[in-house]
1. So which strands (runs of 3 or more DSSP E) are wholly in the range 185-237 and hold at least 2 residues that are surrounded by fewer than 23 Cβ atoms within 10 Å (Cβ to Cβ) and under 21 Å from the mean Cα position of the chain (by Cα)?
2. Output the residue which, of all residues in the range 259-314 that are closer than 20 Å to S198 by Cβ and among the hydroxyl-bearing types (S, T, Y), is surrounded by the fewest Cβ atoms within 10 Å (Cβ to Cβ).
3. Just name the residue that is modelled with the highest pLDDT out of those in the range 351-367 that are surrounded by 20 or more Cβ atoms within 10 Å (Cβ to Cβ) and part of a loop (DSSP other than H, G, I, E, B).
4. How about the range 239-335: which strands (runs of 3 or more DSSP E) wholly inside it have at least 1 residues that are of a type in the set (F, W, Y), touching a Gly at 6+ places or on another chain (Cβ under 7 Å) and on the phi < 0 side of the Ramachandran plot?
5. State which residue is farthest from the chain's Cα centre (by Cα) when the search covers only the range 127-144 and only residues that are surrounded by fewer than 20 Cβ atoms within 10 Å (Cβ to Cβ) and modelled with pLDDT of 85 or more.
6. For the range 21-64, how many residues meet the condition of being part of a helix (DSSP H, G or I) and small (G, A, S)?
7. Return the residues of the range 332-378 that are of a type in the set (A, V, I, L, M) and in contact (Cβ under 8 Å) with a residue 24 or more places away in the chain; say none if nothing qualifies.
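The values are calculated or read from the model by the stated rules, or taken from the named source; none is laboratory data. Bear in mind the structure is a predicted one, so any value in this text is a computation, not a measurement. Because the Cβ atoms are built from the backbone with ideal geometry, glycine has one as well, and the counts that use them run over all protein chains shown.
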Amino acid sequence: MALLTLENGMQFYGKSIGSDKIAIGEIIFNTSMMGYQEVITDPSYFNQIVTFTYPHIGNVGITRDDNESSCIQVKAIIICQDSSIISNLRNKLTLSQFLTAHNVVGISGIDTRKLTRLIRTTGKQFVGCISSQENITVQSVKIKIKNFLKNQTFDLANQVTTKKKYVWKNKTKYIKNKKFTQKFFYHIVAYDFGIKNSILKQLDNLNCRITVVPAYTKAKDVFSLHPDGILLSNGPGNPEEYKYIINNIQKLLKSNIPILGICLGHQLLALSEGAKIFKMKFGHHGTNHPVKDLKKNKIIITSQNHDFAVDPKTLSKNMMITHISMFDGTLQGIQFINKPVFSFQGHPESGPGPQDALFLFKKFIDLIEKNLHAKIGN
């Protein structure tokens, strides 16, 4: 038995899966029909409780190569039904075993449609408490939630970032072929605000040597690495809280080095040029979001995961809008007019999700090549 209690006092009873403990966090919902392993290991979801709207979760188990980070990042998960049948030759663990191994709480048997409609209608990401402990009372839960709201930390990127610089290696390639060697053509410095493995894999596929640096790395230290391009990664939290990151980005923009911002990186890039951010009604979390490419007049289906958006009315004259959401018209992409800099709100790395937006990585490489040729010409 397990109990989900919302901050408004509403309760949902279900079955405990995973670790036997109490978890408190902000509840969001994700509409993806697949990729639950990638979702729960995505640092962008750090400290959140994720509700999966798809009814059957766990039906492909857990594999060795599909994690987006080294551990589970979510505070807890809420699902309708924990699948008892696993159909996947690569499966290594059940979802429940994976949660238990990482000391993460889960609850199944919940009417996730009702919970999702509640969040959509109220336009509020409720703080909730999941407990598998039988002796917990409603009053004690309310106290725990109150303490959570009072003491919550806002600098989440600093909690999920790497603690030291490192050069990324695609371990999957090295495992399959111990003699594997690769020739790199471009050097990318990637800021880790909560970076996903899929992003690094996509850059690796484009022959990039990737140096990953902590979120708080100063611009001068990035310049000293002589990058051909700079990546501002995805990550958790409110972008307005990261003043030290914004300050570094402003210094990076004084150079002519190509920059790509993804999700949180997109928002931070806009903030660095004076734009404003607002919190969305219930955010975008899923893999079926249509986005319009304004230049090509083409619709792409994308993977999304964000609770904040850039206000297009506040963009500087140096930025043009390249993509918008077909769901609600929110800003999805920007391009600098006088610099090789652009960003995308969605997750083009498709981990999980469709691959319609993978071309954005190639666009990044094209900007790098053009910049390198210009240097040689000079």
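1. Values: elements: 186-192, 208-214, 229-232.
Here the list reads 208-214.
2. Per the stated criteria, the residue is T287.
3. Looking at the filtered set, the residue picked out is A357.
4. Working: elements: 259-262, 277-293, 298-310, 319-325.
Counting at least 1 such residues, we get 277-293.
5. Step one: list which residues in the range 127-144 are surrounded by fewer than 20 Cβ atoms within 10 Å (Cβ to Cβ), which gives 133-140, 142-144.
Now narrow it down to the ones that are modelled with pLDDT of 85 or more: 143-144.
Numbers: I143: 30, K144: 27 Å.
Checking each candidate, the answer is I143.
6. The qualifying residues number 1.
7. Once the filter is applied, which keeps residues that are of a type in the set (A, V, I, L, M) and in contact (Cβ under 8 Å) with a residue 24 or more places away in the chain, the range 332-378 yields I334, V341, A357, L358, L360, I365, L367, I368, L372.
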